[in-house]
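Below: the structure, in structure tokens.
The values are calculated or read from the model by the stated rules, or taken from the named source; none is laboratory data. Just so it is clear, the structure is predicted and the values come from calculations on it, not from any experiment. Note that we place each Cβ from the backbone using ideal geometry, even for glycine, and neighbour counts take in every protein chain shown. To get the accessible areas, we keep the full protein, side chains included, count just its heavy atoms, and leave off ligands, DNA and RNA. Shrake-Rupley method; radii C 1.70, N 1.55, O 1.52, S 1.80 Å.
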Amino acid sequence: QVQLVESGGGLVQPGGSLRLSCAATGSLFSNYEMYWYRQAPGKQREWVADIVNLGITNYADSVKGRFTISRDNAKNTVYLQMNSLKPEDTAVYYCRAAVYGTIYWGQGTQVTVSS
């Protein structure tokens, strides 16, 4: 069983930045494929970014160039650095882990972009 705990959400003005963290349990974190998703009110959950084998990263077009996903295997943590935030980035952000075919989700952290 893998547990994921997100943190770092909050209220930020348009153009601002936030860094989300997702701490994972388990001794083989370096083998986990890690993802960030988000869900805005009234919308389906959507993929934002991932960091998979060999540290390869992928981004949704809507966040490319503004968001950066990274990981620190020594801390069992994945990050999402979010810059140039827009009101449409407002959502609950979820961390997801794929561990040898089993999927785990965190509880989510709220990000609100508003003036």
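Annotations
- Residue list for region 14-41, restricted to those being under 25 Å from residue 102 (Cα atoms) and basic (Lys, Arg): 38
- Flag if residue 31 is within 26 Å of residue 1 (Cα to Cα), over 11 Å from the mean Cα position of the chain (by Cα) and not small (Gly, Ala, Ser): yes
- Looking across region 70-90, the residues that are crowded, with 21+ Cβ neighbours inside 10 Å and either at positive phi or touching a Leu at 6+ places or on another chain (Cβ under 6 Å) (or both) come down to 80, 82.
- Count - residues of region 49-59 that are surrounded by fewer than 19 Cβ atoms within 10 Å (Cβ to Cβ) and either in a strand (DSSP E or B) or acidic (Asp, Glu) (or both): 3
- Complete set of residues in region 1-48 that are among the hydroxyl-bearing types (Ser, Thr, Tyr), open to solvent by less than 30 Å² (accessible area, probe 1.4 Å) and farther than 28 Å from residue 87 by Cβ: 32
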